[in-house]
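Inspection log for the structure reproduced underneath, given as structure tokens.
The values are calculated or read from the model by the stated rules, or taken from the named source; none is laboratory data. Just so you know, these numbers come straight off a predicted model, no measurement behind them. FYI the Cβ positions are ideal-geometry reconstructions off the backbone, even for glycines, and counts take in every protein chain you see. Side chains are part of the model used for accessible areas, which takes the heavy atoms of the whole protein and leaves out ligands, DNA and RNA. Shrake-Rupley method; radii C 1.70, N 1.55, O 1.52, S 1.80 Å.
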Amino acid sequence: MSGYGNRTTPSQGVAQPIHAKALALKDPDGRHFVLVTTDLIGFSHDVAEGIAARVAREYHISRERLLLSSSHTHTGPAIAGNLPLMQPPTPELQASTQRYTRYLQDQVVAVVGQALDGLAPAKLSYHVGKAGFAQNRRFRSPDGTFKIADNPGGLVDHDVPVLRVDGADGKLRAVLLSYAAHNTTLGGKDMAIHGDYAGEMQAYWEKAHPGATALFMLGCAGDANPRRRGSIEAAKENGRELADAVDAAITKRGLAIQGPLHATFERFPIRLEPVPDRAEWERRAREAEGLDKQIAEYFLGVLDSKGAIAETYEYPLQVLKLGDKLELIALGGEVTVGYALQLKQKLGPATTWVVAYSNDVMSYIPTVQILGEGGYEPERSQMYYGMPGKWDPSIEKTILDRALAAAER
């Protein structure tokens, strides 16, 4: 399993089934777009690009027209390349993760094909509801340091964007939705596979709407947790609140979506702070313990095999324009909420939909303010993701500028 660093054994069964789901769209000119949602911790670059290459080869869907999203449930299976230093480095667990990842890729490619085969005339509409259980989790301690704890006064996004899909017969076929709260209702001691609140929401909503499918994408939840946490019952309560928010939204008049599907996908470099040299990694390997020692040995291995440690990362950005109004901006990584709030403000909150954890979850994506404040998200978490240090303060402007430019194109 992946999501918490205190686990030392494999999962202990399945408390709730997890799913990969796909929504295939086709416009009047024959252009496709496929959104895949998964109850997973996150796709790594290599796993996502491997899936995309197969989808292009088997179904002729180009890279910019495939979005791979993860709910970031912390009670799901580990994925190869994602959070590589969170698992105990045992050959048995690594082999198990590789086997599961190959199986997962086959499933995702297959579900894309099933969605394309199921294309039928439909009507789309966009709605926005509200759910109040997301809460900022960056709490300033009396000594000025930041820790993960409830921060009721911090930034948060309670919007619940929903794309409603109705068939030609008027029957509700699907809802695609997002929300910006970590799927961390369950904790590190929960050792059974479970989709957390997002999984509970989908199961509850689909039971209330027989024959219709709920697909969940995670918003910019990098610095937000659910207020209710610690049990499956809490996950059910969060899920029911979110499902009720979706129903309240889709019963009201929405924004009709019609016209062409335009899409872009790009990768561009975001910079890290200067990376330590070999002597510093060797010192840490000698003197450190636990995870700090493990990461030092990891980067000594990188230096041995590659000769250098990269000081940039090729960040993924995808934008889908649905008709002449709605723009869906899909960001990679564990993006903090400030990015979504700024993009919606600049592009128009009524017609801008921002999600994260898309296509590649390589680390947290903090704002400049969070980088300066420090704490788990901008600092300690980088180790679990196999990053050699913090992001450079240029990260926020770089990502926002590229997202705005892509949306304008």
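Ranking Ser363, Gln16, Val335 by how far each Cα lies toward the positive end of the dipole of the chain (charges on Cβ) leaves Gln16 at the top. Here's how it looks for Thr213: its modeled amide H is under 5 Å from those of Ala174, Val175, which are all 5 or more places away or on a different chain.
Sparsely packed loop sites in region 11-91 (the trypsin sites (Lys or Arg not before Pro) outside DSSP H, G, I, E and B with at most 15 other Cβ atoms within 10 Å) comprise Arg31.
Evaluated at 4 °C with a viscosity of 1.567 mPa s, what Stokes-Einstein diffusion coefficient in µm²/s does region 264-409 have when Rh comes from the Kirkwood expression over alpha-carbon pairs?
Roughly 79 µm²/s, to the nearest whole number.
Checking every one of the trypsin sites (Lys or Arg not before Pro) in region 176-284 against DSSP loop status and a limit of 14 other Cβ atoms within 10 Å picks out Lys189, Lys252, Arg253.
Work through the residues other than Asn238 whose Cβ is under 9 Å from its Cβ and net out their charges, Lys, Arg +1 and Asp, Glu -1. Kindly include the intermediate steps, with their values, before the conclusion.
Details: positive: Arg227, Arg228, Arg229, Lys236, Arg240; negative: Asp196, Glu200, Glu237, Glu241.
So the surrounding residues net to +1.
Relative to the longest principal axis of the Cα atoms of the chain, helix 337-347 runs at roughly 40 degrees. The structure-derived value of Cα Rg over 2.2 N^0.38 Å appears in the list [x] 0.95; [y] 1.06; [z] 1.39 under the label [x].
The overall shape of region 229-320, judged from the alpha-carbon gyration tensor, is oblate: a/c is not under 1.5, and a/b is no greater than b/c. Taking the average, over residues, of other Cβ atoms within 10 Å as the packing measure, peptides 41-48, 114-121 rank 41-48, 114-121 from highest down.
The amide H of Val354, built 1.01 Å from its N in the peptide plane, has Ile329 as neighbours under 5 Å, considering only residues 5 or more places off or on other chains.
Would you mind getting me the FRET efficiency between Arg57 and Thr264? Use the beta-carbon distance for r and R0 = 22 Å, nearest 0.05. Spell out each step's value before the answer.
Working: r = 21 Å, r/R0 = 0.96.
For R0 = 22 Å, the calculated efficiency reads 0.55.
Cross-link pairs exceeding 30 Å between alpha carbons, from the set Lys21/Lys252; Lys26/Lys390; Lys189/Lys293; Lys189/Lys252: Lys26/Lys390; Lys189/Lys252. Mind pulling the angle between the C-alpha long axis of helix 395-408 and the longest principal axis of the chain? Nearest 10 degrees, somewhere in 0 to 90. The answer is roughly 20 degrees. The amide H of Val160, built 1.01 Å from its N in the peptide plane, has Gly129, Lys130, Ala131 as neighbours under 5 Å, considering only residues 5 or more places off or on other chains. Computed from point charges on the beta carbon alone (+1 for Lys and Arg, -1 for Asp and Glu), the dipole magnitude for region 284-409 about its Cα centre is near 360 Debye. Within the accessible area of region 193-291, what % is carbon and sulfur when the probe is 1.4 Å and the other protein chains stay in place? Exposed carbon and sulfur together represent 49 percent of the surface. Helix 290-306 versus the longest principal axis of the chain: what angle, 0 to 90°, nearest 10, using Cα atoms? Its long axis makes an angle of about 90 degrees.
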